[in-house]
């Protein structure tokens, strides 16, 4: 799985961090998403899909 | 022959106070987008479906810099420059929007809210529950909990003295009530502007470091200033009214909803771990933003088959979209077990509510504690007699008499 993010459009809501805390974090200074692992293991697939789906700005793209 | 335009706003059915106007259901099932006439006489478009609404909020060809569409009948549009205060990032597009919003986002992440705000929320909610237990058996939940808790939280975040709450809440209600005249609403806005202006002066004088307002002063003064003085005051006003009135409305309405949905309340009381999905479902089901949010086309474009012209105003009725059967199974049923990825309760796209995690934290704290502490809590008046706020920008209850 390959994750890409449109960082310019991130609105810092942090819903991705709640959905997949092993894959996403937020910068302390402005809440912008931090990708901890752009190619996470298969057992993260469900969480990552959830993170992409809940993102209000739809900035997370996942390619299998 | 062209069809007559649909006049806005359409009214709710007072017998179904928790549902969006029935007219929206008809419009949504008829077509995804319809041409409408707003109360001030201007015309535009109304989107009532979820998918098409999401597209509007995520399309960079539609600008957030928009005129008002929800003012009372006959009122002339207010040009942005003539607005009493600068609405800041709310009315900006990228990349300017991101620069301004990111001055604030760090304080509103789930982690920041959990670490810095949650202990405070727990404490004040417990104190207010104690006060309810010590007071009369029948009481107004709005005054006892739904209003004071969000006021305390926004005061803590911004660095605003809580003893000023009556003043800023009254001014907010005046400003947001579309049932009031322009003069009355402007009076509310000017009260808030003067209040924040004085508070900023006081914070500058004392070199305060107590919260977001003090931080924003740091972004206004000095060499690398990002904000103008008008923008600083505008942000203070925006955060103060938007930060308390929304959550207060949602808390009162959520409590009323659970008090009238006995099976769902029982389920939550037996399974407090379901509070996360309960709150998301309440946000979807209730969608307090009553008259929708607008965007303006920056160019000619096509949207769901409609030809939108440059300059046209497109309003998304989020309360209708959040009940769209194409997006939600059995959408008019409140289901705290609902599995859903997203809803429009906080808007959508890059402008999605900045304070959403604060609102979630307050609702997730108050609702379980309330029903745990007072398991027999019930309405003290019939549902039909609960005074609903049909004219406020945020839908809610004006008063909620309950018996513990």
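The values are calculated or read from the model by the stated rules, or taken from the named source; none is laboratory data. Here the structure is a predicted model, which means the values were calculated and not measured. FYI the Cβ positions are ideal-geometry reconstructions off the backbone, even for glycines, and counts take in every protein chain you see.
Listing for the model above:
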{"quantity": "Selected residue [out of contact with any helix residue (DSSP H, G or I) (no Cβ under 8 Å at 6 or more places or on another chain) and at pLDDT 95 or above] from B:373, B:338, B:284", "calculated": "B:284"}
{"quantity": "Residue B:130 vs. criteria free of Cβ contacts under 8 Å to residues at least 12 places away in the same chain and either more than 30 Å from residue B:311 (Cβ to Cβ) or buried (at least 19 other Cβ atoms within 10 Å of the Cβ) (or both)", "calculated": "yes"}
{"quantity": "Filter pass, residue A:34 being away from every other protein chain (no Cβ under 12 Å) and either part of a strand (DSSP E or B) or crowded, with 18+ Cβ neighbours inside 10 Å (or both)", "calculated": "no"}
{"quantity": "Close pairs from region B:37-48: first farther than 15 Å from residue B:178 by Cβ, partner at pLDDT below 85, Cβ under 6 Å, at least 6 apart", "calculated": "B:37/B:5"}
{"quantity": "Region B:348-380: number of residues that are out of contact with any strand residue (DSSP E or B) (no Cβ under 6 Å at 6 or more places or on another chain) and within 14 Å of chain A (Cβ to nearest Cβ)", "calculated": "14"}
{"quantity": "Region B:303-344: number of residues that are in a helix (DSSP H, G or I) and within 14 Å of chain A (Cβ to nearest Cβ)", "calculated": "2"}
{"quantity": "Complete set of residues in region A:6-17 that are more than 7 Å from chain B (Cβ to nearest Cβ) and either closer than 23 Å to residue B:114 by Cβ or in a loop (DSSP other than H, G, I, E, B) (or both)", "calculated": "A:6, A:10, A:15, A:16"}
{"quantity": "All positions within region B:302-332 that are at positive phi and modelled with pLDDT of 95 or more", "calculated": "B:311, B:330"}
{"quantity": "Residues (more than 24 Å from the chain's Cα centre (by Cα) and assigned to a loop (DSSP other than H, G, I, E, B)) located in region B:186-214", "calculated": "B:207, B:208, B:209, B:210"}
{"quantity": "Condition check for residue B:248: within 23 Å of residue B:371 (Cβ to Cβ) and either touching a strand residue (DSSP E or B) at 6+ places or on another chain (Cβ under 7 Å) or assigned to a helix (DSSP H, G or I) (or both)", "calculated": "yes"}
